[in-house]
1. With respect to residue 309, is the statement that it is within 17 Å of residue 322 (Cα to Cα), in the same structural domain as residue 113 (by TED's automatic domain parsing), surrounded by fewer than 22 Cβ atoms within 10 Å (Cβ to Cβ) and modelled with pLDDT under 95 true?
2. Can you list the strands (runs of 3 or more DSSP E) found entirely within the range 385-441 that contain at least 2 residues being closer than 25 Å to residue 122 by Cβ and modelled with pLDDT of 95 or more?
3. Considering only the range 435-452, I want to know if a residue exists there that is over 23 Å from residue 378 (Cβ atoms) and buried (at least 19 other Cβ atoms within 10 Å of the Cβ).
4. Of the residues that sit in the range 259-297 and are more than 26 Å from residue 214 (Cα to Cα) and without any contact (Cβ under 8 Å) to a residue 40 or more places away in the chain, which one is surrounded by the most Cβ atoms within 10 Å (Cβ to Cβ)?
5. Given the criterion at pLDDT 95 or above, under 17 Å from residue 248 (Cβ atoms) and touching a strand residue (DSSP E or B) at 6+ places or on another chain (Cβ under 8 Å), identify the matching residue among 297, 363.
6. Identify, please: which residue in the range 214-240 is surrounded by fewer than 24 Cβ atoms within 10 Å (Cβ to Cβ) and more than 19 Å from the chain's Cα centre (by Cα) and is, among those, farthest from residue 293 (Cα to Cα)?
7. With the condition kept exactly as written, say whether any residue in the range 315-323 is at pLDDT 95 or above, assigned by TED's automatic domain parsing to the domain that holds residue 392, touching a strand residue (DSSP E or B) at 6+ places or on another chain (Cβ under 9 Å) and in a strand (DSSP E or B).
8. Just give me the residues in the range 143-173 being outside any loop (DSSP other than H, G, I, E, B) and closer than 22 Å to residue 458 by Cα, in sequence order.
């Protein structure tokens, strides 16, 4: 059975009022496309028309009209194709009667969430499609996928319907995915060996599990093996791996979980210490950072410039671990923060960046590969309205919504068509795309963007497990279209 959205033969019915004929009283005019009247951009539907006696009317005997062909086109055979987001009315007419269909066209994707070896997207119908590796159920209920690695993990190189949820937002880590619904309730599925599903267990589950605590979240983020959320009261909670204090609860979690080793963890959300109120969070492998509602930057976990002397399984902890948020960055106020494996960057109120930490592959974008604990101007002082960090690099959108990337490029994650080790200054992403949003995170070696207008997604970088969604299982140094709809 196809895992693509239903698109080529979405059957509907139009009942036409006829005069005379069989003597049977005709039914009221109705029209529907399957069970809904919403199409994704570039999705198509073949309309089947019935008369008042439920007999099929040959579509070529009808006149078909769209109220706005820039939103939805309809052919002489009654095939409607979604063109751009908006609302249109499709009218089918005979010499005796006519009837109408109200059609809503929505973007293909509203949001993308990149994990380590998988990716998920929220479509304009608020359905969750995922692609890439499904080693522990991170692609949800999708089954009978091909084996893609020597350990027997399954993969999908194109999007598959993952869960029945219709959430408002997504977050993805390594081998797990979380979703947030309109009520603020969070649920997660996939790997759970460190309690990263937040359901009070350490059992993997391909079915979404409610995060414990009855919290009402407004934002979720995922690191490699932990997740965090901001509540509607602007408090932060984290759960999962607490190897280096990345849960920020002020002490070492008492629960112990095993994956790489027997480590501190929490299978239920823990309140981040310090009494701060939070506006935004970011997470990577072993650290979490956030911006408070006052615009101040704080981090907790590994390599953030402090050491509280508590449990920290690091042979070389010269920078150390902190289980409590500590102030980082300069004295500036900030709009947002993003973190990679060893680099951290904040966006100042003028949209320029400052960065600190290490930048072995030029992740600051300042032309250097040396870093340190003192913040420096990132990207040569250029202002970027949108910016994100991958594991070892960064990407940003300029004022014209063109993407630029820099840092580690060994998988092509800078998107310029060339694979190289290091890119120390911003370089244009090729392919002619303009993006409304970019997505990657501190556990990802691939980047995805949502295009302006259509909401189509394109991904580039590491793709050997199908996490680019293009139909290939290979790295790509250029953006490739995510095949939500079949060709």
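The values are calculated or read from the model by the stated rules, or taken from the named source; none is laboratory data. Just so it is clear, the structure is predicted and the values come from calculations on it, not from any experiment. Because the Cβ atoms are built from the backbone with ideal geometry, glycine has one as well, and the counts that use them run over all protein chains shown.
1. For residue 309, the condition - within 17 Å of residue 322 (Cα to Cα), in the same structural domain as residue 113 (by TED's automatic domain parsing), surrounded by fewer than 22 Cβ atoms within 10 Å (Cβ to Cβ) and modelled with pLDDT under 95 - is met.
2. By residue number, 386-389, 393-397, 403-408, 435-439.
3. Yes, the conditions are met somewhere in the range 435-452.
4. Going through the qualifying residues, I end up with 296.
5. The unique qualifying residue is 297.
6. Per the stated criteria, the residue is 214.
7. yes
8. Listed by number, the residues that qualify are 155, 156, 157, 158, 159, 160, 161, 169, 170, 171, 172.
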